Each structure stands twice: as structure tokens, then as C-alpha cells.
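The values are calculated or read from the model by the stated rules, or taken from the named source; none is laboratory data. Because the structure is predicted, anything quoted here is derived from the model rather than measured. Quick reminder, even Gly has a Cβ in these numbers, built from the backbone with ideal geometry, and neighbours come from all protein chains shown.
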Amino acid sequence: MEFQNNIDFAKGLDASDELRDFRNEFLFPKKEDGSNKVYFTGNSLGLQPKDASKALQIELDDWATFGVDGHFEARHPWFSYHEMFRKPLAEIMGAKETEVAAMGSLTANLHFLMVSFFNPKGKKCKILCEAKAFPSDQYALESQLKHYGLDPQKDLMELHPREGENYLREDDILQTIKDHAEEIAMIMIGGVNYYTGQKMPMKEIAALANELGIIVGFDLAHASGNVELKLHEWGVDFAAWCSYKYLNSGPGSVAGIFVHDKHAQDESLDRFAGWWGTPSEDRFMMRQGFKPAYGADGWQLSNAPVLAMAVHKLALDIHCKAGMERLLNKQKMLTSYLDFILKDISNRNEGVDLKIITPESRGAQLSILMSGKGKELFNRISEKGVVADWREPNVIRIAPAPLYNSFEDVFEFGKLIEEAIEEV
Ligand SMILES: *Cc1c(COP(=O)(O)O)cnc(C)c1O
């Protein structure tokens, strides 16, 4: 499609957008004049669904009414609350219902999964990850290595872009895996890099890892709800994600895990167990000797954090009502439109270069490398009602979320950034 940088064109795209009404299901931070801010940080914290307080109130009321009996008598009994997530999570992650579980928090889940899936042996003891992984992931990987008496300096292999380039070449990733297959015990990479917005070739990485006998796990914090995932079909061993970015479930809300069915009944895997990981019929037996439930359920530890899950459930239902396929189609258009607008601004303004460092293989996010007065420009657009994200030393991350952002948002963002350029 030939895009145009004007308001009528943007409105036209909104008029033909099947998902345009989903915007009304979310609460936007407001400008001083009461209009919505241009909210482009769904990659960091997704917006609150309008019905979140209602969903939460149901559980608070049932708690007030039933006390402990709410475990079985609440409208959504808390004892089996987590089971409601199997279907929507399976849909979003491209998994079987037995392969997913809503639980815990992202970094903690990564640790629990690595207890099972990182098994360094002799020379085959290294972890392969991307350079500039999200700090929490770096810390998690470092500390796992140290736990086994390994040396992060040596045993954490990082994939770096080539000199002078901003993102990884897919062939380089695969070649590195082939070249070091004898040393790599586990690949743990972000499905979409939080900084550059690059979507990794997860399918190809997983296929190669399977072929070479390397365990492969993905951190899907920036991928879940944002890009197409087929974790089961790709043969990914394990994955973890958080729910508060593109999945709109609220700050620090309950996270989730994927464990491939090929490991569903493998009792030889080490795991740090808890009572919620036992089959539901055994849970109150309080027997000695842990027997895991089938599949991802067997990695659960604690009873369901129902208050967080109430919003998570609502948010996933909205997501599934919109449908992954429609969301992905809109996401491609919306991000392409943003890409077009940024290039149009650079072309028309001498000395302005809004350099996009995100490759074509991406989700909703574009990362712009700023030069000169980048921070000042960022501050200006923030004052004008844009919510974007500044990452040191000089990158602005913007992510129009297809569930609630419009083409008009993208146009307005362009207009405000152009105003700011003139002022700075
Ligand atoms: C957002 C994000 C996290 C955050 O971890 P929490 O445990 O939820 O605080 C971790 N890793 C990546 C890649 C992220 O994008």
C-alpha cells in the first residue's frame, strides 16, 4: 500500500480497521485538555482494560462473602482458577493446552525452568544468548552459571551484531550455533529483543537446536501477544513470558511458562517443586514424595494469585476476541505506517535523521537511534502528550499496539515529533 502522511489518510485506515473498537476497551492516560495521550509504550506496560476493576471486584466480593470457602464456591473457584488460562495461553503461544501454565513472575520462572533444562556436562556447558539481553536475563544466566561453578566470562556466549551494524544477521546466529554445538548446553534468547525490537528466527533456531541436541528456551516478554508463535510446532523446549507488556494484565501481574510436551512426563528432570505442581486430586492429600502433574502444570509451585489473575483473564479474553491473526495483520500495517512517517519526516527535514535500527523482522516496536539533541527532542514530545520510552545512551523505543492504537495515533505522533524538531 502507498501510505500518505496526512490526517485524512490516517482516518481512512482507521475506518477500514476491523479492530478499531477495541480501543474503547482500554483506559488511556490523558493530556491536560482531556484527550488521550499518544500511548506507544505497550511494550513496557500495556494499558488497563476498562473492566479491570469489575473483574477484580468479583474476586474481592467472593472473598468477602465466602472467605476460605471461595476456593470451591467462588463464581470462578480459586482452587481451579489457573486452569482457565490454558485455552487462551495455548492460542497466543501456539501451544497445546497441556504445555502452558499461568504462574509466578518472569525472572523467577526462568530460574525454575533452567533448574530443569540447563544441564551443563563437561565441555558442553555454555549458554548462548544475545548480547545486550534484558538485564534481568543477563543476571539470571550469570547466576545460573555460577551456581554450577562455571565462569560467566567464559561460559556465557553472546551473539553480537557485526561491527557497525545494529542487529544480528540471522545467518550469523545459526552459524554460531553450528560452530559451537559441542560446547553449547542451552540457548536462551529473547524472542523479540527489547532494545532493537528485532524478532529472532525462533523457528530456525529451534530446528537447529533440536537437530544438534541443544536445549532451546526463549524469553517471550516482548514476543508474547506481539508476534506469531508456534512453540509446539517449532519444538521449543521451554519458554517464559510476563503478562504486563503486550498482554495488558497490569504491573507485575502473573507470568507464564511453556514446557514442550516432549518433556511432559519426564520425571528425571530436576525441578524445584511445590504443592501446586502435583495433580489436582492429590493436592490436599499432603502426601510425602512429590509426583508432578502432567505437562507444564507440573512446574507450578504455589496456589493461584487470584487477584492478579482476575485482570490477566480479562485481558487475555480481550486479546483472544480480537484474535492473534487479525492483531498480527494490523500490527504489520500500523508499524509499517509508523516506519513510513518517520522516513517521510527525515526526508523532508534537512539534517534530521530518525534512524530506525529495527529490522524488517519485528513486532510492533521500532527503535530510533537519535543523534545530537535526541534527549531534548524526546523530552519535548513527552511534554506534548506522547508516551514513549528513552533508553540510554540514545534510543527512543516506540510501539503502537494493534489492540488499542490507531493509525491516527501514528499520524499525530509524526506531527508532534515534527513540531518538536522545529522547536529544538
Ligand atoms: C520485561 C522483561 C523482563 C522483566 O522481568 P520480571 O521478572 O517480570 O521483572 C525480563 N526479561 C525481559 C526480556 C523483559 O523484556
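Okay, here's what the table says:
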{"quantity": "Residue check for Gly191: among the small types (Gly, Ala, Ser) and touching a Pro at 6+ places or on another chain (Cβ under 9 Å)", "calculated": "no"}
{"quantity": "Test: residue in segment 396-415 that is in contact with a Gly (Cβ under 8 Å, 6 or more places away or on another chain), among the small types (Gly, Ala, Ser) and either touching a residue at least 24 places away in the same chain (Cβ under 8 Å) or surrounded by fewer than 16 Cβ atoms within 10 Å (Cβ to Cβ) (or both)", "calculated": "yes"}
{"quantity": "Search result, residues across segment 254-275 that are in contact (Cβ under 8 Å) with a residue 24 or more places away in the chain, out of contact with any Leu (no Cβ under 8 Å at 6 or more places or on another chain) and not hydrophobic (A, V, I, L, M, F, W, C)", "calculated": "Asp261, Lys262, Gln265, Glu267, Asp270, Arg271"}
{"quantity": "Inter-residue pairs, beta-carbon under 7 Å, first assigned by TED's automatic domain parsing to the domain that holds Ala95 and in segment 293-309, second among the acidic types (Asp, Glu), 6+ apart", "calculated": "Gly295/Glu99; Gly295/Asp261; Ala296/Glu99; Val306/Glu59; Leu307/Glu59"}
{"quantity": "Residues of segment 109-143 satisfying the condition of being closer than 19 Å to His260 by Cα and in a helix (DSSP H, G or I)", "calculated": "Asn109, Leu110, His111, Phe112, Leu113, Met114, Val115, Ser116, Phe117"}
{"quantity": "Test: Ala102 is assigned by TED's automatic domain parsing to the domain that holds Asp172, within 11 Å of the ligand (Cβ to nearest atom) and of a type in the set (A, V, I, L, M, F, W, C)", "calculated": "no"}
{"quantity": "Segment 136-147 residues that are among the charged types (D, E, K, R), paired with ones that are at pLDDT 95 or above and surrounded by fewer than 21 Cβ atoms within 10 Å (Cβ to Cβ) (beta carbon under 6 Å, 6 or more apart)", "calculated": "Glu142/Pro152"}
{"quantity": "Only listed residue being in the same structural domain as Ala181 (by TED's automatic domain parsing), away from the ligand (no atom under 16 Å from the Cβ), within 30 Å of Glu183 (Cα to Cα) and aliphatic (A, V, I, L, M), chosen from Ala223, Ala209", "calculated": "Ala209"}
{"quantity": "When residues of segment 273-304 are limited to those that are assigned to a loop (DSSP other than H, G, I, E, B) and among the small types (Gly, Ala, Ser), the one surrounded by the most Cβ atoms within 10 Å (Cβ to Cβ)", "calculated": "Ala304"}
{"quantity": "Options Leu27, Leu13, Leu47; residue that is surrounded by fewer than 18 Cβ atoms within 10 Å (Cβ to Cβ) and either under 26 Å from His319 (Cα atoms) or among the hydrophobic types (A, V, I, L, M, F, W, C) (or both)", "calculated": "Leu27"}
{"quantity": "Residues located in segment 210-236, provided they are over 12 Å from the mean Cα position of the chain (by Cα) and buried (at least 24 other Cβ atoms within 10 Å of the Cβ)", "calculated": "Val216, Gly217, Leu231, Val236"}
{"quantity": "Residue match in segment 26-39 (condition: within 16 Å of the ligand (Cβ to nearest atom), out of contact with any Leu (no Cβ under 7 Å at 6 or more places or on another chain) and either outside any helix (DSSP H, G or I) or farther than 19 Å from Ser249 by Cα (or both))", "calculated": "no"}
{"quantity": "Test: residue in segment 60-71 that is within 16 Å of the ligand (Cβ to nearest atom) and among the β-branched types (Val, Ile, Thr)", "calculated": "no"}
{"quantity": "Of the criteria (1) crowded, with 22+ Cβ neighbours inside 10 Å; (2) free of Cβ contacts under 8 Å to residues at least 60 places away in the same chain; (3) of a type outside the set (Lys, Arg), which one Gly67 fails", "calculated": "(1)"}
{"quantity": "Residue in segment 240-253 that is within 18 Å of Phe79 (Cα to Cα), within 16 Å of the ligand (Cβ to nearest atom) and either at pLDDT 95 or above or buried (at least 19 other Cβ atoms within 10 Å of the Cβ) (or both) present", "calculated": "no"}
{"quantity": "Single residue of segment 106-152 satisfying the filter (among the hydroxyl-bearing types (Ser, Thr, Tyr) and within 15 Å of the ligand (Cβ to nearest atom)) that is nearest to Leu220 (Cα to Cα)", "calculated": "Thr107"}
